[in-house]
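The values are calculated or read from the model by the stated rules, or taken from the named source; none is laboratory data. Please read these numbers as outputs of a predicted model, since none were measured by experiment. Ideal geometry is used to build each Cβ from the backbone, glycine not excepted, and the neighbour counts take in all protein chains shown.
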Amino acid sequence: MPKFITGETSKAVLAEKEAKTESLSKKANLIRKISSKNDIYPSLVVKRKTISLSSVLQWEDHELEVIKCVWNTAHEAHNAQVLKALLEAIDLANLNLNNEQSGKQVSIKTGSSSISKEDLNLLMLENEELRNALAEVYRAYIQTLENIKEDKTVNEVLQSLLRNQALILGKQRIWQLK
């Protein structure tokens, strides 16, 4: 009798899946506690004075019991609520960090208009989504290039085979004519 039934997921895989979900939840709680630059955990990599989703997903710290996971794992259906909480925590932490830096209301002056905190957060989220979309498009582009190279190689082999067959058949036709 087989160890697993067809379509059944092993207990180890289910445990790893649960551990990653718990880790995402723990990351959200830890990030929610960040109110200043001094509160940022040393193991969390912060670039450009903001906390990004990609750096949080790659965050790994054995003392805090958080493990890293990939973008696809975080965006799976069973992690939807945890991901939403994590994104809200990141936005809150970034707002706190921005408020600490400026000491005033965050606004970017462009001529006579200014951008509010909410608009800035929406732009940051949109920017993150566009980066992810760009990465997916680039992966698809590279895969298409590989497929084209492979198809070209197959076509060259088939053309060579057809030429050889035409040469062979051409010689047989000459013998038949004589």
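Take the stretch 44-75 and flag every residue that is outside any loop (DSSP other than H, G, I, E, B), of a type in the set (V, I, T) and under 17 Å from R32 (Cα atoms).
Here is the first cut: in the stretch 44-75, the residues outside any loop (DSSP other than H, G, I, E, B) are 47, 50, 53-58, 61, 66, 71-74.
Applying the additional criterion that residues be of a type in the set (V, I, T) yields 50, 56, 66, 73.
Matches in the stretch 44-75: T50, V56, V66.
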**Fill in**
Out of (1) touching a residue at least 60 places away in the same chain (Cβ under 8 Å); (2) crowded, with 17+ Cβ neighbours inside 10 Å; (3) out of contact with any Leu (no Cβ under 6 Å at 6 or more places or on another chain), the one T73 does not meet is (1)
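Report whether or not D61 is of a type outside the set (V, I, T), surrounded by 14 or more Cβ atoms within 10 Å (Cβ to Cβ), free of Cβ contacts under 8 Å to residues at least 24 places away in the same chain and out of contact with any Cys (no Cβ under 7 Å at 6 or more places or on another chain).
On the way: of a type outside the set (V, I, T): yes; surrounded by 14 or more Cβ atoms within 10 Å (Cβ to Cβ): yes; free of Cβ contacts under 8 Å to residues at least 24 places away in the same chain: yes; out of contact with any Cys (no Cβ under 7 Å at 6 or more places or on another chain): yes.
So D61 fits the description; yes.
Residues checked against (1) outside the structural domain of V56 (by TED's automatic domain parsing); (2) at pLDDT below 85; (3) of a type in the set (D, E):
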| residue | (1), (2), (3) |
| --- | --- |
| L95 | no, no, no |
| N99 | no, yes, no |
| S116 | yes, yes, no |
| L122 | yes, no, no |
**Item:** Residue satisfying condition, being out of contact with any helix residue (DSSP H, G or I) (no Cβ under 6 Å at 6 or more places or on another chain), under 22 Å from N72 (Cα atoms) and at pLDDT 90 or above, within set E156, E126
**Value:** E126
**Prompt:** Between a first residue in the stretch 10-25 that is among the basic types (K, R) and a second residue that is surrounded by 11 or more Cβ atoms within 10 Å (Cβ to Cβ), which pairs have beta carbons less than 6 Å apart while being 6 or more apart in sequence or on different chains?
**Reply:** K20/C69; K20/T73
**Message:** Of everything in the stretch 133-162, what is among the small types (G, A, S) and either outside any helix (DSSP H, G or I) or within 13 Å of the chain's Cα centre (by Cα) (or both)? Give them in sequence order.
**Reply:** A133, A135
**Asked** Looking at this structure, is E18 surrounded by fewer than 17 Cβ atoms within 10 Å (Cβ to Cβ), at pLDDT below 85 and in a helix (DSSP H, G or I)?
**Response** no
**Message:** Contact list please: Cβ distance under 8 Å, first residue in the stretch 123-146 and over 16 Å from S55 (Cα atoms), second residue modelled with pLDDT under 95 and surrounded by 10 or more Cβ atoms within 10 Å (Cβ to Cβ), pairs at least six apart or on different chains.
**Reply:** L123/I115
**Residue ID - nearest to the chain's Cα centre (by Cα), chosen from residues in the stretch 26-39 that are crowded, with 16+ Cβ neighbours inside 10 Å and not charged (D, E, K, R)** = A28
